[in-house]
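*Asks:* I'd like to ask some things about the structure below.
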Amino acid sequence: MIAFINVALLTLLAVVTVAIVRQRSLFAAVILSGIYSFLMASVLIVLDAVDVAMTEASVGAGISTVVLLATLHLIKTTESRSVRPRILPMFVVLGTGAFLVWGTLVMPPYGTADNIIHKHVVPRYINDTIKETGVPNIVTSVLADYRGYDTLGETTVIFTAGIGVMLLLGGRRRRTKSGQDGRSP
Amino acid sequence: MSVLETVLGHYDYVITMFLMMAGLYIVVASGNMVKKLIGLSIFQTSVYLLYIEPGKITGGTAPIVDPAFSVYSNPLPHVLILTAIVVGVATLALGLALVARINEAYGTIEEDEIFDRDRES
């Protein structure tokens, strides 16, 4: 039953992606990408990644959509030009895709328990997390305790991106205030 | 293993690769910069799937320790992707700020129009 739900959700994801590729209206594309993120969050719940699903639903479907809509408000355009079908990109994409699918055929099938990635450090995290950190949620204990430095690096990235956005958009307000509208005629 | 079993066991990976290539196609073929960034985030999301799918164990549960369960799915990919999602939205915001700035300078976000304007000047 769960495997069936998984297949259905993944098929829906593919359908929504095709709709995004074919969509000319930017507003519709943004809303479709919000739907895409919610479907992705559902798939992640089926794959037992509940923490990732919550983050994807709040950050991917929430913040990303809001930021995209704010940009559409700033650029005041909602239609993209119609894309004439391009042969070369399609050819490259199909070729690369075929290679990647061929490469995944050697991966263990869905749900294999004796997969090599479950053998190395993971049993230690699962067995010792209560004893060493007292946190039952293993994802939290690894993120905030065992690998706390990575999370520090992550916040540095967000800080840098925030400074970049402030510099790019803050100058805009100053220019329009001093009378010279930076927009081209 | 029969062909049908292979297809069903690897359906996740096939869809992941499809999403990845659809994102790549949007980035390459679309001239609109907002559309390109949407394509880029589709590509990113497909990488989340690529990481988390092998971590699933049939019959396992979410990796929260409880005496009632003994089999847990692999928590390590979840941690990595949690970081990737947050970094992804940071890069998306930075890219969109650049798009807004380009629109201010050129009056358009279509790639070929921007190239035309550069050639004129």
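*Asks:* For region B:76-89, check the following and say yes or no: at least one residue is at the interface with chain A (Cβ under 7 Å from one of its Cβ atoms), within 30 Å of residue A:128 (Cα to Cα) and more than 17 Å from the chain's Cα centre (by Cα).
*Replies:* The first filter runs over region B:76-89 and keeps only residues at the interface with chain A (Cβ under 7 Å from one of its Cβ atoms), leaving B:76, B:78-79, B:81-83, B:85-87, B:89.
Among the residues that remain, those that are also within 30 Å of residue A:128 (Cα to Cα) are: B:76, B:78-79, B:81-83, B:85-87.
Subsequent filtering for residues that are more than 17 Å from the chain's Cα centre (by Cα) retains B:76.
For region B:76-89, residues at the interface with chain A (Cβ under 7 Å from one of its Cβ atoms), within 30 Å of residue A:128 (Cα to Cα) and more than 17 Å from the chain's Cα centre (by Cα): present.
*Asks:* Ok, one more. Only one of these is surrounded by fewer than 23 Cβ atoms within 10 Å (Cβ to Cβ), more than 22 Å from residue A:79 (Cα to Cα) and not β-branched (Val, Ile, Thr): B:29, B:90. Name it. So that I can check it myself, show each step before the final result.
*Replies:* Values: B:29 fails: more than 22 Å from residue A:79 (Cα to Cα).
So the residue among B:29, B:90 that is surrounded by fewer than 23 Cβ atoms within 10 Å (Cβ to Cβ), more than 22 Å from residue A:79 (Cα to Cα) and not β-branched (Val, Ile, Thr) is B:90.
*Asks:* Right, another one. Taking residue B:45 as meeting all but one of (1) of a type in the set (S, T, N, Q); (2) surrounded by 20 or more Cβ atoms within 10 Å (Cβ to Cβ); (3) more than 23 Å from residue B:11 (Cβ to Cβ), write down the number of the exception.
*Replies:* (3)
*Asks:* So which residues in region A:1-28 are in contact (Cβ under 8 Å) with a residue 40 or more places away in the chain and either basic (Lys, Arg) or assigned to a helix (DSSP H, G or I) (or both)? Can you show your working first?
*Replies:* Step one: list which residues in region A:1-28 are in contact (Cβ under 8 Å) with a residue 40 or more places away in the chain, which gives A:2-3, A:5-6, A:24-27.
Result: A:2, A:3, A:5, A:6, A:24, A:26, A:27.
*Asks:* Can you find, within region A:91-105, the residue that is surrounded by the fewest Cβ atoms within 10 Å (Cβ to Cβ) among those that are facing another protein chain (nearest Cβ under 7 Å) and not small (Gly, Ala, Ser)? It would help to see each step written out before you state the result.
*Replies:* Let us first name the residues in region A:91-105 that are facing another protein chain (nearest Cβ under 7 Å), namely A:93, A:96-97, A:100-101, A:104-105.
The next check asks that each one be not small (Gly, Ala, Ser); those that pass are A:93, A:96, A:100-101, A:104-105.
Numbers: A:93: 20, A:96: 14, A:100: 17, A:101: 16, A:104: 15, A:105: 12.
Looking at the filtered set, the residue picked out is A:105.
*Asks:* Test residue A:71 against the criterion of being without any contact (Cβ under 8 Å) to a residue 12 or more places away in the chain and either buried (at least 16 other Cβ atoms within 10 Å of the Cβ) or part of a loop (DSSP other than H, G, I, E, B) (or both), and give yes or no.
*Replies:* Spelling it out, residue A:71 is indeed without any contact (Cβ under 8 Å) to a residue 12 or more places away in the chain and either buried (at least 16 other Cβ atoms within 10 Å of the Cβ) or part of a loop (DSSP other than H, G, I, E, B) (or both).
*Asks:* Are any of the residues in region A:44-53 assigned to a helix (DSSP H, G or I), acidic (Asp, Glu) and over 16 Å from residue B:12 (Cβ atoms)? Don't jump to the end; show me each part of the working.
*Replies:* Restricting attention to region A:44-53, the residues satisfying the condition of being assigned to a helix (DSSP H, G or I) are A:44-46, A:50-53.
Applying the additional criterion that residues be acidic (Asp, Glu) yields A:51.
Subsequent filtering for residues that are over 16 Å from residue B:12 (Cβ atoms) retains A:51.
Yes - at least one qualifying residue is present in region A:44-53.
*Asks:* Out of curiosity, is residue B:71 more than 7 Å from chain A (Cβ to nearest Cβ), surrounded by fewer than 23 Cβ atoms within 10 Å (Cβ to Cβ) and of a type in the set (Val, Ile, Thr)? Let's see the steps before the verdict.
*Replies:* Details: more than 7 Å from chain A (Cβ to nearest Cβ): yes; surrounded by fewer than 23 Cβ atoms within 10 Å (Cβ to Cβ): yes; of a type in the set (Val, Ile, Thr): yes.
It is true that residue B:71 is more than 7 Å from chain A (Cβ to nearest Cβ), surrounded by fewer than 23 Cβ atoms within 10 Å (Cβ to Cβ) and of a type in the set (Val, Ile, Thr).
*Asks:* If residue B:60 passes every condition in (1) facing chain A (nearest Cβ under 7 Å); (2) modelled with pLDDT of 85 or more but one, which one does it miss?
*Replies:* (2)
*Asks:* Out of the residues in region B:11-57 that are facing chain A (nearest Cβ under 7 Å) and polar (S, T, N, Q), state the one that is nearest to residue A:92 (Cα to Cα).
*Replies:* Going through the qualifying residues, I end up with B:30.
*Asks:* Mind listing whichever residues of region A:58-68 are within 10 Å of the chain's Cα centre (by Cα) and either surrounded by fewer than 23 Cβ atoms within 10 Å (Cβ to Cβ) or of a type outside the set (Ser, Thr, Tyr) (or both)? Steps first, please.
*Replies:* Step one: list which residues in region A:58-68 are within 10 Å of the chain's Cα centre (by Cα), which gives A:59-61, A:64.
Matches in region A:58-68: A:59, A:60, A:61.
*Asks:* So is residue A:138 modelled with pLDDT of 85 or more and either out of contact with any Pro (no Cβ under 6 Å at 6 or more places or on another chain) or under 30 Å from residue A:70 (Cβ atoms) (or both) or not?
*Replies:* No; evaluated as a whole, the condition is false for this residue.
*Asks:* Would you check if residue A:77 is out of contact with any strand residue (DSSP E or B) (no Cβ under 6 Å at 6 or more places or on another chain), at the interface with chain B (Cβ under 8 Å from one of its Cβ atoms) and part of a loop (DSSP other than H, G, I, E, B)?
*Replies:* Values: out of contact with any strand residue (DSSP E or B) (no Cβ under 6 Å at 6 or more places or on another chain): yes; at the interface with chain B (Cβ under 8 Å from one of its Cβ atoms): yes; part of a loop (DSSP other than H, G, I, E, B): yes.
Considered against the rule, which asks whether it is out of contact with any strand residue (DSSP E or B) (no Cβ under 6 Å at 6 or more places or on another chain), at the interface with chain B (Cβ under 8 Å from one of its Cβ atoms) and part of a loop (DSSP other than H, G, I, E, B), residue A:77 comes out as yes.
*Asks:* Of all the residues that make up region A:106-152, how many are crowded, with 18+ Cβ neighbours inside 10 Å, of a type in the set (A, V, I, L, M) and within 24 Å of the chain's Cα centre (by Cα)?
*Replies:* 4
The values are calculated or read from the model by the stated rules, or taken from the named source; none is laboratory data. This one's a predicted model, so the numbers in the text were calculated from it and none came from an experiment. Here Cβ is always computed from backbone atoms with ideal geometry, including for glycine, and neighbour counts include all displayed protein chains.
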